[in-house]
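Student: What follows is a structure written as structure tokens; I'll ask about it next.
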Amino acid sequence: MQVPNLHQLQTPAHLIEQQNQSLFAKVATDLTDKGYSIQPFALPLELSNNLLEQVSSMSSQAFVEAGIGRLRKHMHNDFVRRDEICWITGNSEAGAQWLDWTAQLQHYLNRHLFLGLFSFESHFAHYATGSFYKRHLDAFKGEANRILSVVAYLNPHWQLGDGGELVLYQDEFDAQGLKVIPALGTLAIFLSEEFPHEVLPAQRDRYSIAGWYRINASSADRVDPPR
């Protein structure tokens, strides 16, 4: 995939900090009022471009078929989802920038909303033409695993006919949902246990990052989050 020329003049660090703080405040207010926050084109432009450049230059061998469930319950199911993923470790410059940004968001939300967010995990996701992820929850109530979901989109010039929208449902009875276009820099942040969601079939290659904040639910005989 060819990367469009997206290089821009770098924004001064103090302005980026102000923009981040303003964005984090909007997210915190939305989470308090609604439990979710949709922020179009809100991820810092330089970070969005760096992540796009990285994911666009990765070989297909870097991705693996995504599954459902965790640990011993993990399995592949093409009926439920057909995307492929690559976990972000922070070894690349763009990955390290992303993890630094999400750490800043974590600190802000813990300080203002007292969520007790303890750790964060995330991966790149690639949806090839026709790929989808059917309606699901990121966490099950009472299991105290994933608390807050974060999705960042990396698709420049995305058109309405390109499909691949995230549909966020208010609850299990909601049949319409709220559609989010996966355009470059758009963020979707929501309580993992509360909002069923799905990804509609994409009509072109679609790239994103999916991430989750977790609390520390460790006990004497169990490490959680797992290492």
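Student: Among the numbered criteria (1) within 18 Å of Tyr207 (Cβ to Cβ); (2) at pLDDT below 95, which one does Glu165 miss?
Tutor: Looking at each condition in turn, Glu165 falls short on (2).
Student: Turning to a different aspect of this structure: For the condition open to solvent by less than 40 Å² (accessible area, probe 1.4 Å), at pLDDT 95 or above, in contact with a helix residue (DSSP H, G or I) (Cβ under 9 Å, 6 or more places away or on another chain) and part of a helix (DSSP H, G or I), what is the one hit in Leu52, Leu43?
Tutor: Going through Leu52, Leu43 in turn, the sole match is Leu52.
Student: Taking only the stretch 101-119 into account, find how many residues are buried (at least 17 other Cβ atoms within 10 Å of the Cβ), polar (S, T, N, Q) and either more than 20 Å from Gln18 (Cβ to Cβ) or within 13 Å of the chain's Cα centre (by Cα) (or both).
Tutor: 1
Student: Right, something else. Kindly provide the set of residues from the stretch 166-185 that are open to solvent by less than 50 Å² (accessible area, probe 1.4 Å) and touching a helix residue (DSSP H, G or I) at 6+ places or on another chain (Cβ under 9 Å), ordered by number.
Tutor: If the condition is that a residue be open to solvent by less than 50 Å² (accessible area, probe 1.4 Å) and touching a helix residue (DSSP H, G or I) at 6+ places or on another chain (Cβ under 9 Å), then Pro182, Leu184, Gly185 are the ones that fit.
Student: Could you check the stretch 195-225 and list, in sequence order, the residues that are among the acidic types (Asp, Glu), surrounded by fewer than 17 Cβ atoms within 10 Å (Cβ to Cβ) and either in a strand (DSSP E or B) or modelled with pLDDT under 95 (or both)?
Tutor: Within the stretch 195-225, Asp221, Asp224 meet the criteria.
Student: Only residues in the stretch 88-110 that are over 11 Å from Gln54 (Cβ atoms) count as the first member; pair them with residues that are open to solvent by 30 Å² or more (accessible area, probe 1.4 Å) and assigned to a helix (DSSP H, G or I), Cβ under 6 angstrom, at least 6 apart or cross-chain, and list the lot.
Tutor: Between residues of the stretch 88-110 that are over 11 Å from Gln54 (Cβ atoms) and residues that are open to solvent by 30 Å² or more (accessible area, probe 1.4 Å) and assigned to a helix (DSSP H, G or I), the close pairs are Gly90/Ala96; Gly90/Leu99.
Student: Same structure, new question: Just to verify a result, which residue in the stretch 120-139, among those that are closer than 24 Å to Ala103 by Cα and open to solvent by 30 Å² or more (accessible area, probe 1.4 Å), is modelled with the lowest pLDDT?
Tutor: Residue satisfying both the conditions and the ranking: Leu137.
Student: Residues in the stretch 96-119: is at least one in a helix (DSSP H, G or I), under 23 Å from Asn155 (Cβ atoms), modelled with pLDDT of 95 or more and of a type in the set (Gly, Ala, Ser)?
Tutor: Yes, that holds for at least one residue.
The values are calculated or read from the model by the stated rules, or taken from the named source; none is laboratory data. No experiment lies behind these values; they were computed from the predicted model shown. Here Cβ is always computed from backbone atoms with ideal geometry, including for glycine, and neighbour counts include all displayed protein chains. These accessible areas exclude ligands, DNA and RNA; they are computed on the full protein's heavy atoms, side chains included. Shrake-Rupley method; radii C 1.70, N 1.55, O 1.52, S 1.80 Å.
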